1. Looking at THR380, is it hydroxyl-bearing (Ser, Thr, Tyr), at pLDDT below 90 and either touching a helix residue (DSSP H, G or I) at 6+ places or on another chain (Cβ under 7 Å) or surrounded by 13 or more Cβ atoms within 10 Å (Cβ to Cβ) (or both)?
2. Output the residues belonging to the range 91-130 that are surrounded by 21 or more Cβ atoms within 10 Å (Cβ to Cβ), of a type in the set (Val, Ile, Thr) and over 19 Å from LEU261 (Cα atoms).
3. Among the residues of the range 191-237, write down those that are assigned to a loop (DSSP other than H, G, I, E, B) and hydroxyl-bearing (Ser, Thr, Tyr).
4. List the helices (runs of 4 or more DSSP H) that sit entirely inside the range 52-153 and contain at least 1 residues that are modelled with pLDDT under 85 and closer than 24 Å to LEU282 by Cβ.
5. If a residue counts only when it is under 17 Å from ALA196 (Cα atoms) and out of contact with any Pro (no Cβ under 6 Å at 6 or more places or on another chain), which helices (runs of 4 or more DSSP H) contained entirely in the range 332-435 have at least 1 such residues?
Amino acid sequence: MADAYKKDSITLPGAVAMGTGVMIGAGIFALTGQIAELAGPLFPLSFVVGAIVTAFSAYSYIKMSNAYPSAGGIVMILEKAYGPRTVAAGASLLMALSMVINESLVARTFGTYTLRAFGGDADSILVPVLGVGLIVFAYLVNASGTRSVGLVSIVMAVLKVGGIALFGVSALWASGLSFEATGGDEGATGFVASVALSILAFKGFTTITNSGAEITKPHQNVGRAIVLSIAICVVVYLLVAFAVGSSLPLDRIVAAKDYALAEAAQPALGQTGFYLTVALALLATASGLIASVFAVSRMLAMLTDMKMIPHSHFGMPGTIKDHTLVYTVVIAGFLTVFFDLSRIASLGAFFYLVMDIIIHLGVFRYLREEIGARGWVLLTAIVLDAVILAAFAAMKWQSDPLIVVIGLVGMVLVFLFVRVFLARNPVREDAHDDH
């Protein structure tokens, strides 16, 4: 399996670009309006709180990645904490599924913004069609090799971060630095629930963790890349949140929640600004999807190589990594066709937060002394995740109970699936030492 990964093929800038590529692709264009719907006029603050919670969560990943950089970083953390058993395999699959869900979120956002450029309806059947087209494109880029992914990620990250920052500054300047998104109060529960989506907007940093074996000087650069990517996204998210809030009243942001940035660009920057913002959205979502597909396919390959999930070639040639790349884009395409943006985001938040809690518990109970982690930081991360998950589930139970049921059933099925598989195909404790 080691031969399938190219050591030192991703530089520190490439790793940062990969992380910011996934985060900005989903966080700004797909989630800003949904966060505003839950948090009300305080939605820019939701990004700040989300960054704080993410900083506590990132601590476990950074400490573990610095000690044990791996091509399947999250799988490695869970396996070292719990052994090659049901908890590790199930939580790893939850993370992989949350990443695939994120890909479908980004793909539908691409379709929505593309149609807005031509005056199309955001509910059109063309939205999933365009989204699936982008997923196929991401597959082709990934199939061409690791260095292609790194180069595309760097170029697109520079263009979109610069472009989105310019949009934010220009919109704020055009509005006279006023904040129009006032009125309405969703309450404390709504605000806390909105942080679940803000965290989803930052979770792309785990893409870096999953590529540890391919990053140059991984014991230092994995942690540095995570910190830098989160810091860049905090600045970009805040700038854009205030720009949207300065251009549109809250009710219009919520009404246009699937394409809030494009809606905000028109009154602030005119028709030219509108089209430039749509172009930025297409660039951001495309690069985000490419980076995410790259990471999740490798995570699934690691799980397969460690014999913690079943694998079938289905007659396809190539390596396990080639096969998991195909599985990733097929599942993402299915979700893109059958789920809308709001439900995709909710499902991703449920899976990610549960997986995150399991990771922190494992590191706290079994690994904190080995890696020199501070217990109080790990416990704080667990409490924050649990509170936000509870508030988000409560809000969704009131507005869309079906997605809560789907989330619960999905998690039960994942753990039941790996439980049955591992019971029939137990993994030897020493079978994973080379990872």
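1. So THR380 does not fit the description; no.
2. Listed by number, the residues that qualify are VAL100, ILE101.
3. Correct list: SER211, THR216.
4. In the range 52-153, the matching helices (runs of 4 or more DSSP H) lie at 86-117, 126-143.
5. Passing ranges, in order: 341-362, 375-399, 401-424.
The values are calculated or read from the model by the stated rules, or taken from the named source; none is laboratory data. Please read these numbers as outputs of a predicted model, since none were measured by experiment. Glycine gets a Cβ as well: all are built from the backbone with ideal geometry, and neighbour counts include every protein chain shown.
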